[in-house]
Amino acid sequence: MIPFQIQRASSVEQAISSARGGARYLAGGTTLYDLMREEVEQPTRIVDINAVPLAQIRLDGDTLVIGALARMADVAAHPEVRQVFPLVAESLLEGASPQLRNMASMGGNLLQRVRCPYFRMHDAACNKRLPNSGCSALEGLNAGCAVLGTSEHCIATHPSDVAVAFVALDAVMTVQGPRGHRTFPVEELFRLPGSSPHLEHTLEPAELIVEIRVPTGPHTKRARYLKVRDRASYEFALVAAAVALHVEGNVIRDARIACGGVGTRPWRMREAEQILIGQRPSTELFARAGDASTTGARPRHGNAYKVPLLARTVKRSLEMAMEVPA
């Protein structure tokens, strides 16, 4: 591990001040320390923010407020989250091992590195690890890689499960930095790789995620998260779907669909949503929405199976949402 300095902050303002000049924030450390040990990440300064009071989980009127330092396990187990936002709880429980959920913070989960196996391989080309070095996954082992939002510079998938749920539910986040506060949809946090895949998010230098806000609505209870993966636990998604439906009078009044495991960022399926709205639920309708979810897919030689799997996963997740009691 490369030597580094560490500072500890007890307030948001102190953390931001300490992070000026390129320091990295440390919360749960479940990804950062791992990558530092392998010398993929090489920060020279770290600001430990675990004493900053940002771990709240509460309902504020019709909005769920989650502090950036709330732990995944605490959010998943919170009774109001489980009752009002089952999609958030389910995606968190599907997201990692119990040990990691006890340590990992919500803000850190959203900011974990977008990666494929080559990201850790120092003898392989990776534009994320070393810009302009190439992408070994393009013609290499790419069975787990993205089919949406890719470029000739990177085809890695975003690994977060709860980010997919947040995108489906139109969650917003507040960040604070040297230039003050700003609030924007969680969906806008994530960049497409383009020609600079090492730039993964839209945060400015020293900006700190403060909280995530998830609005309630008639769609939030009839919601499910379906994750398809190689093994039953502690594995990234091959394909995942977060869906939420508002059904009234046997007509779909609102539909939210976002998918993971298939995109270089959490992927909102708005074309599929429009197919559903105003229609009566049926197997045939859900199949059409599933097929629409594959629009724009660009598979490589090893991950072409993800295209039909994506369609089937969206279809099944919609069926599962309809099974939730109204």
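The values are calculated or read from the model by the stated rules, or taken from the named source; none is laboratory data. All values derive from a computational prediction rather than experimental measurement. Here the Cβ is made from the backbone with ideal geometry for all residues, glycine too, and neighbour counts use every protein chain on show.
Among the residues of the stretch 1-21, those that are buried (at least 18 other Cβ atoms within 10 Å of the Cβ) and without any contact (Cβ under 8 Å) to a residue 60 or more places away in the chain comprise Ala9, Ser18. Return the residue satisfying two criteria in turn: it lies in the stretch 133-159 and is in contact with a Gly (Cβ under 7 Å, 6 or more places away or on another chain) and of a type in the set (S, T, N, Q), and of such residues it is surrounded by the fewest Cβ atoms within 10 Å (Cβ to Cβ). Once the filter is applied, the top-ranked residue is Ser151. Going by the structure shown, is Gly22 under 26 Å from Ala171 (Cα atoms) and of a type outside the set (Lys, Arg)? For Gly22, the condition - under 26 Å from Ala171 (Cα atoms) and of a type outside the set (Lys, Arg) - is not met. Pairing each residue of the stretch 47-60 that is under 15 Å from Gln83 (Cα atoms) with any residue that is among the small types (Gly, Ala, Ser) and not in a strand (DSSP E or B), provided the two are 6+ apart or on different chains, yields C-beta distances under 6 Å for Ile57/Ala70.
Ala73 falls short on exactly one of the conditions (1) touching a Ser or Thr at 6+ places or on another chain (Cβ under 9 Å); (2) farther than 15 Å from Val214 by Cα; (3) at pLDDT 95 or above; (4) not hydroxyl-bearing (Ser, Thr, Tyr), and that condition is (1).
Quick check on the stretch 259-277: of everything there that is in a strand (DSSP E or B) and touching an Asp or Glu at 6+ places or on another chain (Cβ under 7 Å), which residue is surrounded by the fewest Cβ atoms within 10 Å (Cβ to Cβ)?
Let us first name the residues in the stretch 259-277 that are in a strand (DSSP E or B), namely 259-260, 263, 267-268.
Filter once more, so that each one left must be touching an Asp or Glu at 6+ places or on another chain (Cβ under 7 Å): 260, 268.
On the way: Gly260: 31, Arg268: 20.
So the residue we want is Arg268.
Whether any residue in the stretch 12-20 is modelled with pLDDT of 90 or more, on the phi > 0 side of the Ramachandran plot, in a loop (DSSP other than H, G, I, E, B) and over 19 Å from the mean Cα position of the chain (by Cα) is what I want to check. Show your work before the answer.
Taking the stretch 12-20 and keeping what is modelled with pLDDT of 90 or more, we get 12-20.
Checking which are on the phi > 0 side of the Ramachandran plot leaves us with none.
Checked the stretch 12-20: no residue is modelled with pLDDT of 90 or more, on the phi > 0 side of the Ramachandran plot, in a loop (DSSP other than H, G, I, E, B) and over 19 Å from the mean Cα position of the chain (by Cα).
Scanning the stretch 299-314 turns up one or more residues that are within 17 Å of Gln274 (Cα to Cα) and assigned to a helix (DSSP H, G or I).
Take the residues in the stretch 61-70 that are more than 18 Å from Ala242 (Cβ to Cβ) and modelled with pLDDT of 95 or more; name whichever of them is nearest to the chain's Cα centre (by Cα). Write out each step before concluding.
As a first pass, look at the stretch 61-70 and keep what is more than 18 Å from Ala242 (Cβ to Cβ): 61-63, 65, 67-70.
Then keep just the ones that are modelled with pLDDT of 95 or more; that gives 63, 65, 67-70.
On the way: Thr63: 20, Val65: 17, Gly67: 16, Ala68: 14, Leu69: 16, Ala70: 16 Å.
Per the stated criteria, the residue is Ala68.
Counting only residues that are part of a loop (DSSP other than H, G, I, E, B), surrounded by fewer than 17 Cβ atoms within 10 Å (Cβ to Cβ) and not polar (S, T, N, Q), the stretch 42-54 holds 2 of them.
Restrict the check to the stretch 188-195 and report whether at least one residue is touching a strand residue (DSSP E or B) at 6+ places or on another chain (Cβ under 9 Å), modelled with pLDDT of 95 or more, within 23 Å of Pro53 (Cβ to Cβ) and not β-branched (Val, Ile, Thr). Yes: the stretch 188-195 contains one or more residues that are touching a strand residue (DSSP E or B) at 6+ places or on another chain (Cβ under 9 Å), modelled with pLDDT of 95 or more, within 23 Å of Pro53 (Cβ to Cβ) and not β-branched (Val, Ile, Thr). Scan the stretch 170-210 for residues that are of a type outside the set (S, T, N, Q) and touching a His at 6+ places or on another chain (Cβ under 8 Å) and the total you get is 8.
In the stretch 111-131, what residues are more than 20 Å from the chain's Cα centre (by Cα), surrounded by 17 or more Cβ atoms within 10 Å (Cβ to Cβ) and over 29 Å from Glu207 (Cβ atoms)? Listed by number, the list holds a single entry, Ala124.
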